[in-house]
Amino acid sequence: MTLKLRSRTGRAARPRRAPRTTAARHVPLPLLLPALLGVAFLTLPLLGLLVRTPWSDLAGELRGTQVLQALRLSLITASLATVLSLVLGVPLAWLLARASFPGRRLLRALITVPLVLPPVVGGVALLLALGRRGILGQYLDSWFGVTLPFTTAGVVVAEAFVAMPFLVLSVEGALRAADPRFEDAAATLGASGWTTFRRVTLPLVAPGVAAGSVLAWARALGEFGATITFAGNFPGTTQTMPLAVYLALQDDPQAAIVLSLVLLAVSITVLAALRERWMTAV
């Protein structure tokens, strides 16, 4: 029998919060100084970018041909890479979260490798796999006439390669946190596996899919190493915003600053959109 504490008025007494101790309010000096140095180290470069931005000529720089081409191509390829990640990544996340098979841990480790792999190494790996003489690319070229390196499609593939793990891990976490009893109830009522996934599972994990999509899109938008190695740096075809920043630093520093400001704005927007997933209530 469960006993409930009641106040004098007969109502259930609410549990009291533990009082905050004064020790939590005072930060030791040996911790405060390195923390302040860390804040300065992380924020001063961003402040320098804002200070050096040509605000008076910002509209003109944004209308420049180089900036517009890179911005348009980046938005298109990042969106296509996100769609590709959704088509392949959501089923893969479901497989990791719901299915039980030998080698699942190894498969998860392989999927997370692009997160820690240097992007240039990822570009080299894509060339060896999908290049004209690659393991699969040679057959794509000889059988179907499809060539991916140094094309816009190659940019999409390179961006999806580095961005998909973010979506897979986000959706897998959402699937593991979802209550499986709803899926069991749908199966008991005679729903097929595909119907259960569409009508029950996918709505349950929709916030995780949305968060993973945003993370994948932002990662694809900022991809540099794998893109320049696998797709090259051709204006209007494969030159995305990070590549344009790298090239503009040599010839047009003002355009490089403007492009960097656009990428910074996108990053802040992504963090603001996902604040509920990385901020905790105080």
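Converting the Cα gyration tensor eigenvalues of the stretch 130-186 into ellipsoid dimensions via √(5λ) gives semi-axes, longest first, of 38, 14, 8 Å. Our coupling estimate for the stretch 162-170, obtained by passing each phi through the Karplus curve with A = 6.51, B = -1.76, C = 1.60 and θ = phi - 60°, is 8, 9, 4, x, 4, 5, 4, 5, 5 Hz, Gly and Pro reported as x.
The string of couplings for the stretch 217-229 from the Karplus curve (6.51, -1.76, 1.60, θ = phi - 60°) is 5, 5, 5, 5, 5, x, 5, 10, x, 5, 5, 5, 7 Hz, one whole number per residue in order, with x for Gly and Pro. Springs between Cα atoms under 10 Å define the GNM used for the chain, and in it the highest mean-square fluctuation of Pro54, Pro102, Pro235 occurs at Pro102.
For the Cα trace of the stretch 65-122, dividing Rg by the Kirkwood Rh returns an Rg/Rh value of 1.15. Among residues other than Leu261 with Cβ under 15 Å from its Cβ, the summed charge is -1 (Lys and Arg +1, Asp and Glu -1). Dipole magnitude for the chain: computed about the Cα centre from +1 point charges on Lys and Arg Cβ and -1 point charges on Asp and Glu Cβ, it is near 2040 debye.
With respect to the chain, whose longest principal axis is taken over its alpha-carbon atoms, helix 104-116 is tilted by about 60°. Counted over all Cα-Cα pairs of the stretch 38-178, pairs farther apart than 20 Å make up 64 percent.
Mind sorting out which of (1) 25.8; (2) 15.9; (3) 22.5 is the real mean projected area of the Cα convex hull in nm² computed from the coordinates? The value computed from this structure is option (1). Solvent-accessible area assigned to carbon and sulfur over the chain amounts to 67 percent, based on a 1.4 Å probe.
When peptides 121-132, 212-223, 245-256 are sorted by average Cβ neighbour count within 10 Å, with the highest value leading, the order is 212-223, 121-132, 245-256. With helices as the sole contributors, the chain gives -22000 deg cm²/dmol at 222 nm; each DSSP H run of n ≥ 4 counts as -39500 (n - 2.57), and the sum is divided by every residue. From the largest down, the stretch 150-267 spans 66, 27, 17 angstrom on the principal axes of its Cα atoms.
Projecting the Cα positions of Gly212, Thr196, Gly236 onto the charge dipole of the stretch 191-282 (unit charges on Cβ atoms of Lys, Arg, Asp and Glu, taken about the Cα centre) puts Thr196 furthest along the positive direction. Remark: the stretch 90-103, residue by residue, has Karplus-estimated 3J(HN,Hα) of 5, x, 5, 5, 4, 4, 6, 8, 10, 8, 10, 8, x, x Hz, where x stands for each Gly or Pro and the curve is 6.51 cos²θ - 1.76 cosθ + 1.60 at θ = phi - 60°.
The eigenvalues of the Cα gyration tensor, multiplied by 5 and square-rooted, give the stretch 180-239 an equivalent ellipsoid with semi-axes of 41, 12, 8 Å from largest to smallest.
The values are calculated or read from the model by the stated rules, or taken from the named source; none is laboratory data. No experiment lies behind these values; they were computed from the predicted model shown. Every residue, glycine as well, gets a Cβ built from its backbone with ideal geometry; the counts of neighbours run over all protein chains shown. Just the protein is used for accessible areas: all its heavy atoms, side chains included, with ligands, DNA and RNA removed. Shrake-Rupley method; radii C 1.70, N 1.55, O 1.52, S 1.80 Å.
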